[in-house]
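A short worksheet on the structure shown next.
The values are calculated or read from the model by the stated rules, or taken from the named source; none is laboratory data. Model, not experiment: these values are computed from the prediction. Counting neighbours? That spans all protein chains shown, and the Cβs are built from the backbone with ideal geometry, glycine included.
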C-alpha cells in the first residue's frame with residue numbers, strides 16, 4: 001500500500017481534519033486518533049451505536065487506532081512528544097492559539113522532529129481580521145456566494161451536505177501528499193494550511209470570475225443553471241428527476257427526444273449561456289414531458305438518448321441502487337453495539353497498481369491506548385499509573 005510506514009497523529013475534530021487523516025489511512029497510513037478520555041464531542045453526533053458513537057464519527061474515523069489522552073497535562077505533553085518523534089504527519093484542525101497552547105504548532109513540533117508535517121485547517125486562515133474567529137461549514141458556504149445563489153430570491157438555502165468541510169479535507173490531504181513528496185528531496189517537513197473560506201472560494205471561483213469580468217450580479221434561480229439548460233429538477237408521476245443539459249450536441253439530442261428539433265436553430269438557445277438565460281422556457285417544456293412519465297421511464301428514455309439525467313433519491317434509497325452495488329463502493333464493517341453493519345464508503349478512487357488497506361471500523365474510546373503507549377516505551381505499570389491519574 002502506498003502509505004504503509006507513514007504514521008499520522010490525528011488531533012482533528014468533526015470533518016476537515018479527521019477526514020483528511022482517514023483518506024491517508026485508506027491507503028495504508030497508521031492513523032492514531034487522539035481524543036479526550038471520555039471521548040470528544042464529535043464522537044457523539046447522530047448516535048448509531050450503544051456507546052453513543054455517531055454516524056459522522058464512523059465515517060471520519062474508519063480504520064484508525066484511538067489513544068485517549070489529556071494532551072495539555074505534563075504527562076500528556078510527554079506522551080505527545082514521544083509520539084511526534086515517531087510520526088510523519090500531525091493533523092490538527094484547531095485554532096492557532098490552541099495549537100500553541102498544546103505544543104502542536106509547527107515550531108514546537110519541528111523542534112522535536114524536523115521531518116514532521118503539520119496539517120492544519122481553520123475557518124479563515126492565519127491572517128486578516130477574521131483569523132481568530134471560529135467557524136463551521138455553513139460559514140464558508142455563506143461567505144463564498146453559494147448560499148446567496150441557492151434557493152429563491154426570498155429564501156437562501158445552505159447545502160445540507162458539508163461540502164466545504166469535505167473539500168477542505170481533500171485539499172489538505174493533497175497538501176500532505178505534496179509535502180511528503182517534497183520531504184523526499186529536502187529531508188524536512190513543513191506546515192500545510194487549509195481553510196474553509198479558501199476552499200469555498202475555490203469552489204465558487206467561476207462565479208466570482210464571471211462577476212469580475214462580465215459585471216453580472218447573479219441572482220438565485222432555484223434549481224436551474226446560469227450557464228446551461230434545461231438544467232433543473234422536474235416532477236414525474238411518482239417522484240423527481242434531475243437533468244443537466246450541457247453542450248450543443250446534448251441539447252440537440254434532448255430537443256429531438258422532446259419532439260422539438262426546431263429548438264436547435266432558435267437563436268434564444270444558440271449557446272449554453274443563452275440556454276441558461278432562457279432556461280425557464282426550456283424547463284417548462286421538460287416538465288410537461290416528465291409529468292406523464294414515471295421516474296424510471298423518464299430516466300430510461302433520457303439514458304437511451306444519451307442525455308444526462310438521474311432520479312432524486314432519498315437516503316433510504318441510495319445504497320440500494322444497482323449502480324452503487326456494481327461499483328462496490330460500500331464496504332460493510334461491524335461496530336460493537338451497533339444494530340447492524342456500518343455501510344462504509346471509503347476513498348472513492350481506485351489505483352490500478354495499489355490496493356487500499358482492508359476496511360476496518362472506527363475505534364472505541366481509548367481502544368488502543370495500551371498498545372500505542374507500549375510502542376513508545378511505556379511499561380504496563382506506567383500505563384496503569386497514567387490511567388489512575390485520568391491522563392489516559
**Message:** For the structure I just gave you, tell me whether residue 318 is more than 14 Å from residue 229 (Cα to Cα) and touching a strand residue (DSSP E or B) at 6+ places or on another chain (Cβ under 8 Å).
**Reply:** no
**Request:** State which residue pairs qualify: first residue without any contact (Cβ under 8 Å) to a residue 40 or more places away in the chain and inside the stretch 371-392, second residue outside any helix (DSSP H, G or I) and surrounded by 15 or more Cβ atoms within 10 Å (Cβ to Cβ) in any location, beta carbons under 8 Å apart, and separation of 6 or more residues or different chains.
**Result:** 383/392
**Item:** Count of the stretch 16-59 residues which are in contact with a helix residue (DSSP H, G or I) (Cβ under 6 Å, 6 or more places away or on another chain) and surrounded by fewer than 21 Cβ atoms within 10 Å (Cβ to Cβ)
**Value:** 5
**Request:** Answer with yes or no whether residue 94 is closer than 26 Å to residue 6 by Cβ, in contact (Cβ under 8 Å) with a residue 12 or more places away in the chain, touching a helix residue (DSSP H, G or I) at 6+ places or on another chain (Cβ under 7 Å) and buried (at least 18 other Cβ atoms within 10 Å of the Cβ).
**Result:** no
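For every residue, the table says whether it meets (1) in contact with a helix residue (DSSP H, G or I) (Cβ under 6 Å, 6 or more places away or on another chain); (2) in contact (Cβ under 8 Å) with a residue 60 or more places away in the chain; (3) part of a loop (DSSP other than H, G, I, E, B).
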position	(1), (2), (3)
120	no, yes, no
129	no, no, yes
146	no, no, yes
182	no, no, no
**Item:** Criterion violated by residue 226 - all others in (1) modelled with pLDDT of 95 or more; (2) in a loop (DSSP other than H, G, I, E, B); (3) surrounded by 15 or more Cβ atoms within 10 Å (Cβ to Cβ) satisfied
**Value:** (1)
**Request:** Can you confirm whether the stretch 154-169 contains a residue that is touching a strand residue (DSSP E or B) at 6+ places or on another chain (Cβ under 7 Å), assigned by TED's automatic domain parsing to the domain that holds residue 107 and not in a loop (DSSP other than H, G, I, E, B)?
**Result:** yes
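With in the same structural domain as residue 359 (by TED's automatic domain parsing) and surrounded by 24 or more Cβ atoms within 10 Å (Cβ to Cβ) as the only criterion, which of 13, 77, 82, 62 stands out?
Just one listed residue meets the conditions, 62.
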**Prompt:** Looking at residue 363, is it assigned by TED's automatic domain parsing to the domain that holds residue 37, surrounded by fewer than 13 Cβ atoms within 10 Å (Cβ to Cβ), under 19 Å from residue 39 (Cβ atoms) and modelled with pLDDT of 95 or more?
**Reply:** no
